[in-house]
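The values are calculated or read from the model by the stated rules, or taken from the named source; none is laboratory data. Bear in mind that the values here come from a model prediction, so they are computed numbers and not experimental data. Heads up, the Cβs are rebuilt from the backbone with ideal geometry, glycines too, and the neighbour counts pull from every protein chain shown.
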Amino acid sequence: MATVTIDKAAPTRKVKYGSMSRDRTWALRWSYFFLVIFAIFSLTPPIYMLITSLKSSAEISAATNPWWVFHPTLENYVGLLTSNQFLRFFWNSAIVSIFVVTITMLISVPAAFALARMRFWGSAVLATGVFLTYLIPETLLFIPLFKMFAVIGDWTGIQLINKWYVLLILYPTLTVPFCTWIMIGYFASIPKELDEAAIIDGASWIQTLTRIFIPVAFPGIIAATIFAFTVSWAQFLYPLVFTTSTDQLVMPVGIITTLIKGDVFNWGQIMTGALLGAAPPLIIYAFLMDYYIAGLTAGATKG
Amino acid sequence: MADVTLRKVVKRYDEVEAVRGIDLDIADHEFVVLVGPSGCGKSTTLRMIAGLEDISDGDIMIGGDVVNDVPPKDRDIAMVFQNYALYPHMTVAENMSFGLRLKRYPKAEIKSRIDEAARMLDIVELVDRKPKQLSGGQRQRVAMGRAIVRNPKVFLFDEPLSNLDAKLRVQMRIEIKKVHQKVRTTTVYVTHDQVEAMTLADRVVVMNHGRIEQIGTPNELYHKPATKFVASFIGSPAMNFIPCRLEDIAGKLHVRLTDRLAFPLPLARAVRYQNIPRTEKLLLGLRPEHVTEAKPHPQPGVETFDTVLDVTEPMGMETLIYFTMEGSQVCGRVNPNADAHDGAPLRLAVDLNNMHLLNEVTGVVL
């Protein structure tokens, strides 16, 4: 508690009483103001997409108010959801993402555990190296990578380019470093005594990882999973470069390559496809957020 | 159960020697407390016994077997940590049974052991709770329960009570003593609290700067400290040290404190200190309880003098008094009914039968 002392000799200055709550009110007003601006800014594109997806091509090109649907129609949705091609894209995306998430977690969780806990020669350097890997942009990598796969194809006869499963090799180069980094942070926050207790209880490193660290760091694993899924679901550059046949495409590239024919943009279906494509990550967020609770380690040690 | 032996154990971190060659024999069933100020190497020693730290040199034996390179899980030890280190995602019962489940004990055996430990620690109704639903004292009980169910050769405690408040600490101290009386497992207990060390231990090991200063029963350490460090570390309020030297006055050996103040030594002490050079710079060590108000009837070895008190601290059962003698502050304990007041004169008595004489330079008790 701060005490206010008034020096009678000093020039009188107005002392504000109860300013704590007034400050708080103003702080709240400002935060609402900026939050509303932020919400408008980030929600306008999807709303515009939704509006456009409910219009026919004729209405989209007509010179009416673009923010209102005069003749709502589901023809874009019906068209896409009955198109084998679109369902193929969706299926490819789903398979790639699920595999990539699985591969990523299988690599990055043990890697993070090793880097965070099993102090070995060079582990600190390696941990930093993992993060630096993530900082190299894919725009710098896709040409050398393409060349590498071409050379591998020439030497071994294993053709990876223009197959969807090439993405299972490419995406983890983006997801594994970052997920490992996230998990190193989570594992490092687990008190050292917890694994020492496990070791004394007779647990091996693997048992310490599976029975103590993974359950305790579960929020971190959820965060890493969400990240890996989002990256592999939304990745555009690698599939654009490495896959070309329509039956090998994932959704973001598929929408662009099949719904834009020359200079003809099928806006209604593009917007519909993008909205449908945004649905799975949203559903996954909504589902996993329930498990994404902080403070799961409460009670392990004296807080 | 087993005895624990340390032979010339050394721990080096790069250039720093945290533990500098420790020899220690802990008998079966014994409760040994390692005590010392922070950074004295007591926790490192415990962690080396546990196997959580490698030893740089020397040997550690548990039950007669050298365990230098044996991993912690094969040493058959259980450890209780300062911050409990309970598994937060497991219930109390799961926490306690984790080690047994890893060793694939039969379910019935696990259950009976948990029940027994829970009953012993009075946490029967808590077994289905998660650690975050428990108070600090309850968590500490669970941590002890986790150690007890393993039925190990050795219990290791690493400052288990430091996180508890003072009242709970006293209570848990008694609990730990009760548990040890029941299970009789060899115990090594680390603390920086000398009261805990005194109250719990069969034998106390006082450590300082990575070395053992003295090993002994609580009473030995209190009444016969070997060094100034032990003398000042054990006991609260701490022992007083007053600069002095020996002097022969009229054929009797005296200890001279100030120009005007010299006490004749009791016969036993005079014989013991006879050969100390009279020029040697010494310290007179006196426990506060041996500095009291003067009684009307003089007793042998008890000498009286007058002083002016600086500060008094009434504690209820006694009053602590502080006064200055030759620049050093001296603490005494007087009867609450004695006429002791801040800044007031008082006639005091020192019991020289219980005095200590220390070499001022080396700190060795003579």
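Can you confirm whether A:Ile161 is assigned to a helix (DSSP H, G or I) and either without any contact (Cβ under 8 Å) to a residue 40 or more places away in the chain or out of contact with any Cys (no Cβ under 6 Å at 6 or more places or on another chain) (or both)?
Working: assigned to a helix (DSSP H, G or I): no; either without any contact (Cβ under 8 Å) to a residue 40 or more places away in the chain or out of contact with any Cys (no Cβ under 6 Å at 6 or more places or on another chain) (or both): yes.
Spelling it out, it is not the case that A:Ile161 is assigned to a helix (DSSP H, G or I) and either without any contact (Cβ under 8 Å) to a residue 40 or more places away in the chain or out of contact with any Cys (no Cβ under 6 Å at 6 or more places or on another chain) (or both).
Among the residues of region B:104-115, are any surrounded by fewer than 24 Cβ atoms within 10 Å (Cβ to Cβ), within 12 Å of chain A (Cβ to nearest Cβ) and farther than 21 Å from B:Ala2 by Cα?
Within region B:104-115, one or more residues are surrounded by fewer than 24 Cβ atoms within 10 Å (Cβ to Cβ), within 12 Å of chain A (Cβ to nearest Cβ) and farther than 21 Å from B:Ala2 by Cα.
Determine, yes or no, whether A:Ile283 is within 14 Å of chain B (Cβ to nearest Cβ) and either at pLDDT 90 or above or closer than 30 Å to A:Ser56 by Cα (or both).
Values: within 14 Å of chain B (Cβ to nearest Cβ): no; either at pLDDT 90 or above or closer than 30 Å to A:Ser56 by Cα (or both): yes.
Taking the combined requirement at face value, the residue does not satisfy it.
Looking only at region B:65-78, decide whether some residue is crowded, with 20+ Cβ neighbours inside 10 Å, outside any helix (DSSP H, G or I) and more than 11 Å from chain A (Cβ to nearest Cβ).
Yes: one or more hits.
Cβ-Cβ distance below 8 Å, separation of 6 or more or different chains: which pairs start in region A:83-101 with a residue that is not assigned by TED's automatic domain parsing to the domain that holds A:Ile270 and end on one that is exposed (fewer than 15 other Cβ atoms within 10 Å of the Cβ) and outside any helix (DSSP H, G or I)?
Pairs that qualify, where the first residue is not assigned by TED's automatic domain parsing to the domain that holds A:Ile270 and the partner is exposed (fewer than 15 other Cβ atoms within 10 Å of the Cβ) and outside any helix (DSSP H, G or I): there are none.
Quick test of your reading of the structure: B:Met90 fulfils all but one of (1) within 10 Å of chain A (Cβ to nearest Cβ); (2) at pLDDT 90 or above; (3) crowded, with 21+ Cβ neighbours inside 10 Å. Name the failing condition by number.
Going through the list (1) within 10 Å of chain A (Cβ to nearest Cβ); (2) at pLDDT 90 or above; (3) crowded, with 21+ Cβ neighbours inside 10 Å, B:Met90 breaks only (3).
Tell me whether region B:157-171 contains one or more residues that are surrounded by fewer than 18 Cβ atoms within 10 Å (Cβ to Cβ) and facing chain A (nearest Cβ under 10 Å). Lay out the reasoning, then the answer.
So the first thing to find is which residues in region B:157-171 are surrounded by fewer than 18 Cβ atoms within 10 Å (Cβ to Cβ), and the list is B:162, B:165-168, B:170-171.
Add one more test, that the residue is facing chain A (nearest Cβ under 10 Å), and what stays is B:162.
There is at least one residue in region B:157-171 that is surrounded by fewer than 18 Cβ atoms within 10 Å (Cβ to Cβ) and facing chain A (nearest Cβ under 10 Å).
Which one of A:Gly153, A:Gly129, A:Gly202 is at positive phi and free of Cβ contacts under 8 Å to residues at least 12 places away in the same chain?
Working: A:Gly153 fails: at positive phi; A:Gly129 fails: at positive phi.
One residue alone meets the criteria, A:Gly202.
Select the strands (runs of 3 or more DSSP E) contained entirely in region B:248-366, then report the ones holding at least 3 residues which are among the polar types (S, T, N, Q).
Numbers: elements: B:252-256, B:262-264, B:282-286, B:291-293, B:302-308, B:311-314, B:319-325, B:328-334, B:345-351, B:356-359.
Because the criterion is at least 3 residues that are among the polar types (S, T, N, Q), no strands (runs of 3 or more DSSP E) in region B:248-366 meet it.
Which of the following residues is within 14 Å of another protein chain (Cβ to nearest Cβ), assigned to a helix (DSSP H, G or I) and among the charged types (D, E, K, R): B:Arg139, B:Arg119? Steps first, answer last, please.
On the way: B:Arg119 fails: within 14 Å of another protein chain (Cβ to nearest Cβ).
One residue alone meets the criteria, B:Arg139.
Identify all residues within region A:211-265 that are in a loop (DSSP other than H, G, I, E, B) and within 14 Å of another protein chain (Cβ to nearest Cβ); write none if there are none. Can you show your working first?
In the first step, residues of region A:211-265 are kept if they are in a loop (DSSP other than H, G, I, E, B); the result is A:217, A:235-236, A:243-245, A:249-250, A:262-263.
A:Ala217, the sole residue that qualifies.
Please work out if B:Ile174 is assigned to a helix (DSSP H, G or I), within 14 Å of another protein chain (Cβ to nearest Cβ) and more than 17 Å from B:Gly36 (Cα to Cα). Break it down stepwise before answering.
On the way: assigned to a helix (DSSP H, G or I): yes; within 14 Å of another protein chain (Cβ to nearest Cβ): no; more than 17 Å from B:Gly36 (Cα to Cα): yes.
No, not satisfied.
Within the bounds of region B:49-63, is there any residue that is under 22 Å from B:Gln194 (Cβ atoms) and in the same structural domain as B:Gln140 (by TED's automatic domain parsing)?
At the first step, the residues of region B:49-63 found to be under 22 Å from B:Gln194 (Cβ atoms) are B:49.
Okay, now just the ones that are also in the same structural domain as B:Gln140 (by TED's automatic domain parsing), so B:49.
Yes, that holds for at least one residue.
Out of B:Lys228, B:Lys252, B:Lys281, B:Lys182, I need the residue that is surrounded by 14 or more Cβ atoms within 10 Å (Cβ to Cβ) and over 12 Å from the mean Cα position of the chain (by Cα). Which one?
Numbers: B:Lys252 fails: surrounded by 14 or more Cβ atoms within 10 Å (Cβ to Cβ); B:Lys281 fails: surrounded by 14 or more Cβ atoms within 10 Å (Cβ to Cβ); B:Lys182 fails: surrounded by 14 or more Cβ atoms within 10 Å (Cβ to Cβ).
Only one candidate passes the filter, namely B:Lys228.
Let's see how each residue does on (1) surrounded by 15 or more Cβ atoms within 10 Å (Cβ to Cβ); (2) outside any helix (DSSP H, G or I); (3) within 22 Å of the chain's Cα centre (by Cα):
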| position | (1), (2), (3) |
| --- | --- |
| A:Asn92 | yes, no, yes |
| A:Ser97 | yes, no, yes |
| A:Val109 | yes, no, yes |
| A:Ala114 | yes, no, no |
| A:Trp121 | no, yes, no |
| A:Ala124 | no, no, no |
| A:Thr128 | no, no, yes |
| A:Phe131 | no, no, yes |
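For the subset of region B:235-247 comprising residues that are in a loop (DSSP other than H, G, I, E, B) and among the aliphatic types (A, V, I, L, M), which member is nearest to B:Asn353 (Cα to Cα)?
Step one: of region B:235-247, the residues in a loop (DSSP other than H, G, I, E, B) are B:235-239.
Still in the running and among the aliphatic types (A, V, I, L, M): B:238-239.
Details: B:Ala238: 18, B:Met239: 15 Å.
If we take residues in region B:235-247 being in a loop (DSSP other than H, G, I, E, B) and among the aliphatic types (A, V, I, L, M), then B:Met239 is nearest to B:Asn353 (Cα to Cα).
Taking B:Glu318, is it surrounded by 14 or more Cβ atoms within 10 Å (Cβ to Cβ) and without any contact (Cβ under 8 Å) to a residue 12 or more places away in the chain?
On the way: surrounded by 14 or more Cβ atoms within 10 Å (Cβ to Cβ): yes; without any contact (Cβ under 8 Å) to a residue 12 or more places away in the chain: no.
Judged against the criteria, B:Glu318 is not a match.
What number of residues within region A:194-210 satisfy the criterion of being within 8 Å of chain B (Cβ to nearest Cβ), in a helix (DSSP H, G or I) and buried (at least 19 other Cβ atoms within 10 Å of the Cβ)?
Residues meeting the conditions: 6.
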